[in-house]
1. Among 167-174, 222-229, how do they line up by average Cβ neighbours within 10 Å per residue, starting with the highest?
2. Could you check the simple spin-label distance between Val288 and Asn150, using points 7 Å along Cα→Cβ, in nm with one decimal?
3. Measure up Lys228/Lys274; Lys145/Lys176; Lys199/Lys266 against 29 Å on the Cα-Cα distance and list the ones that go over.
4. Could you size up the charge dipole of the chain around its Cα centre, putting +1 on the beta carbon of Lys and Arg and -1 on that of Asp and Glu, and report it in debye to the nearest 20?
5. On the protein heavy atoms, probe 1.4 angstrom, tell me the percent of accessible surface of the stretch 188-320 carried by carbon and sulfur.
6. So which GluC sites (Glu not before Pro) in the stretch 103-161 end up in coil per DSSP with only 15 or fewer other C-beta atoms within 10 Å?
7. Can you figure out the FRET efficiency of Ile56 with Asn272, using R₀ = 45 Å and their beta-carbon distance, to the nearest 0.05?
8. Select from Val170, Met253, Ala232 the residue farthest towards the positive end of the dipole of the chain; place +1 on Cβ of Lys and Arg, -1 on Cβ of Asp and Glu, and compute about the Cα centre.
Amino acid sequence: MKTKKIIEIAKKTILEESKAILKLADFIDDDFIKSVNYILNSQGRVVITGIGKSAIIAQKIVATMNSTGTPAIFMHAADAIHGDLGIIQNDDVIICISKSGNTPEIKVLVPLLKRGNNKLIAITSNKNSVLGQQADCVLYAHVEKEACPNNLAPTTSTTAQLVLGDALAVCLLEMKQFGSSDFAKYHPGGALGKRLYLKVADIVANNQKPQVAPETDIKKVIVEISEKMLGATAVIDGNAIIGVVTDGDIRRMLSKTDSITGLTAKDVMSPNPKTIDADTLAVDALDVIENNKITQLLVTQNNIYIGVVHLHNLVQEGLI
């Protein structure tokens, strides 16, 4: 019975919040357009402030903007009235987040924010509040009630604030034509960064370079594959790649013949192997491997064979 009740409560919470978020689309108006343009035309940063749970939402919006090309900084509303107002510079745009727009800290803070020429954008559920009335623009984060059964704990309202912040950040991103190459500059670490900047050449540089000639005895081919530990070897004639011998090719050969005496690389190889240029992103190499249901690719640079990239390399780099 408890299990059923838990599932019921969880689903109800999600559905209530999703309905409230859907209604936000109806509140996107001229003030939203003005807010985007204020930030786009500003020579400064976006200073985002709030208190309580709204302050936490403010920090997340700051992080999203910074990572998508809009310089932003967080200022806690309580700290602002005790010295942190010095954070604000002349060309900054200020976003103040408050559900009621009438908390004591916000009532004190808003007149101070209005002393300069900075544009003030409010994210609030109450357009008639002190914040709503004093702001240059209001992003209306109205929700009928919180998901909390007592209608007290900030739940749906903070989700609404977050979604409006995301909508603002994505509009700015697209208006600035902020692309994947720009994104990579701000996300150099972790798997996300690697997907955006890691190239096949970076991986191959750390691998050995298995290769044999067409006439190489099959025993030496097997040794080459084993020693280089990449599950395959390129078959090279002059400077040209004419084939590849993989672990799978060796297994198929052994299943079809009782004697390997006299066999060479060209007798066993798969001709016309899949290759990839060293300057290709590693994540694109992964796509080629997955789409062709293979485990390695021969790598070329200026049409010259330089090594092998294996599926295991891409796994180790966290691309899967």
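The values are calculated or read from the model by the stated rules, or taken from the named source; none is laboratory data. These numbers come from a predicted model, not from an experiment. Cβ sites come from the backbone with ideal geometry, for glycine too, and all protein chains shown count toward neighbours. The protein model used for the area step is the full one, side chains on, heavy atoms only, and it has no ligands, DNA or RNA in it. Shrake-Rupley method; radii C 1.70, N 1.55, O 1.52, S 1.80 Å.
1. Ranked from most to least packed, the peptides come out as 167-174, 222-229.
2. 6.0
3. With Cα atoms farther than 29 Å apart: Lys145/Lys176; Lys199/Lys266.
4. Roughly 960 debye, rounded to the nearest 20.
5. Carbon and sulfur together cover 48 percent of it.
6. Answer in residue order: Glu144.
7. 0.20
8. Final value for the positive-end residue is Val170.
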